[in-house]
Amino acid sequence: INRDIWNRYRDNQPNWYYEVIEPGFKYNMPDLMAAIGIHQLKKAERLQKRRQAIARRYDEAFMNLPLKRPYVADTEDLHAWHLYVIQLDLERISISRDEFIEKMAEKGIGTSVHFIPLHLHPYWRNRYGLSPGDFPVALDCYQRAVSLPIYSKMTEDHVEHVRAGNRRGEK
């Protein structure tokens with residue numbers, strides 16, 4: 001990846017874009033991180049329930065907006081809610097996804113895009129001679145996708161700020 005992850009989220013600027021320029025490597029977790037992770041597992045259910053509650057609050061707030069909310073997992077499945085990805089209905093709004101991200105940043109709401117399709121990254125594009133139109137469904141989903149903040153330590157004020165920021169979005 002051509003940008004360090006920490007440099008992609010600085011100064012409340014929407015610098016989410018990155019490119020994969022060559023294949024990466026798998027790195028195993030160090031023992032110290034595993035030791036911390038074991039203790040984090042004790043909190044996993046509580047943290048998931050908090051993210052699930054935030055997702056429900058978002059679902060309520062965004063129900064009648066020109067966007068698609070995330071797919072809901074089957075009742076037998078447990079959704080991690082590690083991401084809350086919406087898809088903007090670009091035919092019903094007058095701004096692009098990137099402009100939406102900029103407007104959210106102006107309101108102090110950090111968003112991102114998960115994920116950039118592989119065929120758009122230089123490595124795969126150049127190695128296999130791919131163009132953006134080769135995978136039209138992936139491209140369309142990507143151009144509409146925005147990941148909203150969702151994490152277990154979000155305060156109620158922050159959740160409401162995200163909910164209100166989306167409701168007041170310009171058309």
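The one condition from (1) closer than 17 Å to Lys68 by Cβ; (2) aromatic (Phe, Trp, Tyr); (3) crowded, with 16+ Cβ neighbours inside 10 Å that Phe135 does not meet is (1).
As a summary of the residue check, Gln143 satisfies the conditions (1) open to solvent by 60 Å² or more (accessible area, probe 1.4 Å); (2) in contact with a Cys (Cβ under 9 Å, 6 or more places away or on another chain) except for the one numbered (2).
The set of residues in the range 121-138 being in a helix (DSSP H, G or I) and either in contact (Cβ under 8 Å) with a residue 60 or more places away in the chain or in contact with a Gly (Cβ under 7 Å, 6 or more places away or on another chain) (or both) consists of Pro122, Tyr123, Trp124. Counting only residues that are loosely packed, with under 11 Cβ neighbours inside 10 Å and not acidic (Asp, Glu), which one in the range 57-77 is farthest from Pro149 (Cα to Cα)? Applying the filter and picking the extreme gives Thr75.
Please find, within the range 25-67, the residue that is nearest to the chain's Cα centre (by Cα) out of those that are closer than 30 Å to Ser94 by Cβ and small (Gly, Ala, Ser).
Of everything passing the filter in the range 25-67, Ala55 is nearest to the chain's Cα centre (by Cα).
Among the residues of the range 43-89, those that are in contact with a strand residue (DSSP E or B) (Cβ under 8 Å, 6 or more places away or on another chain) and not in a helix (DSSP H, G or I) comprise Pro66, Leu67, Lys68, Arg69, Pro70, Leu83, Tyr84, Val85, Ile86, Gln87, Leu88, Asp89. Of all the residues in the range 78-103, those that are under 12 Å from the mean Cα position of the chain (by Cα) and open to solvent by 30 Å² or more (accessible area, probe 1.4 Å) number 4. Would a scan of the range 5-16 turn up a residue that is farther than 15 Å from Ser147 by Cα, open to solvent by less than 90 Å² (accessible area, probe 1.4 Å) and modelled with pLDDT under 95? Yes - at least one qualifying residue is present in the range 5-16.
The values are calculated or read from the model by the stated rules, or taken from the named source; none is laboratory data. The structure displayed is predicted, hence computed values, not measured ones. All Cβ positions, even for glycine, are placed from backbone atoms using ideal geometry, and neighbour counts span all protein chains on display. These area figures cover heavy atoms from the full protein model, side chains too; ligands, DNA and RNA do not enter into them. Shrake-Rupley method; radii C 1.70, N 1.55, O 1.52, S 1.80 Å.
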